[in-house]
Amino acid sequence: MIRAEVGMDAAAIYSFIAGCRYGVVASISVDGTPQAALVGIAVSPQLEIIFDTINTSRKYRNLIERPSCSFVVGWSGEQTVQYKGIASEPRGDELRRIQEIYFAAWPDGPARMRWPGIVYFVVRPRWIRYSDFERNPALIEEITLPE
């Protein structure tokens, strides 16, 4: 089980997210309906969540057209991070930077680069809530980040 520290700060949230291999990303479709998908994630020290997908997926189309999204990370025990952010598909140096982070978490990631239509997203946080309901009283901390 991954445990974060009391009095969460960005470094503690980073450590918690980095200890989780998967997250559920939620996006909004063209017709306004919510859609969610489990994805393998990596996280940067700036709390950016990085994942790959293929350009024929629903999440790809949704995030290109409507980049606002949310994540839930961590569901072992009663600790979770809820996360709201803005997704983008990086190019050039930015793509190489996030791939380096992603491949450190997912060593098999470079092999997927041969897949037709493979793409990478980086999600920059706008709001994060860490909750630990195993504590009594429960610990709930929020961080709001500038746009």
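Peptides 52-62, 111-121 ranked from most to least packed, by the mean per-residue count of other Cβ atoms within 10 Å: 52-62, 111-121. Summing charges over all other residues whose Cβ lies under 15 Å from the Cβ of E65, with Lys and Arg as +1 and Asp and Glu as -1, gives +2.
Excluding ligands, DNA and RNA, the accessible surface per residue across the range 49-144 is 53 Å² with a 1.4 Å probe. Taking the protein heavy atoms of the chain in the context of the full set of protein chains, the accessible area attributed to carbon and sulfur is 55 percent at 1.4 Å.
Quick one: dipole size for the chain, taken about the Cα centre, charges +1 on Lys/Arg Cβ and -1 on Asp/Glu Cβ, in debye to the nearest 20. The dipole magnitude comes to about 460 debye.
Under the combined filter of DSSP loop state and at most 15 neighbouring Cβ atoms within 10 Å, the range 29-121 retains these GluC sites (Glu not before Pro): E78. Go ahead and run the numbers for FRET between R114 and I140, Cβ-Cβ distance against an R0 of 30 Å, rounding to 0.05. The formula returns an efficiency of 0.10 here. What residues from the range 46-68 fall in the zone where the backbone N is under 15 Å from a label point 7 Å along the Cα-to-C-beta line of Y14? Residues 46-50 qualify, since their backbone N sits under 15 Å from the label point.
The values are calculated or read from the model by the stated rules, or taken from the named source; none is laboratory data. None of the values given here were measured: they were computed from a predicted structure. For neighbour counting, all protein chains shown are included, and Cβ atoms are generated from backbone atoms with ideal geometry for every residue, glycine included. Just the protein is used for accessible areas: all its heavy atoms, side chains included, with ligands, DNA and RNA removed. Shrake-Rupley method; radii C 1.70, N 1.55, O 1.52, S 1.80 Å.
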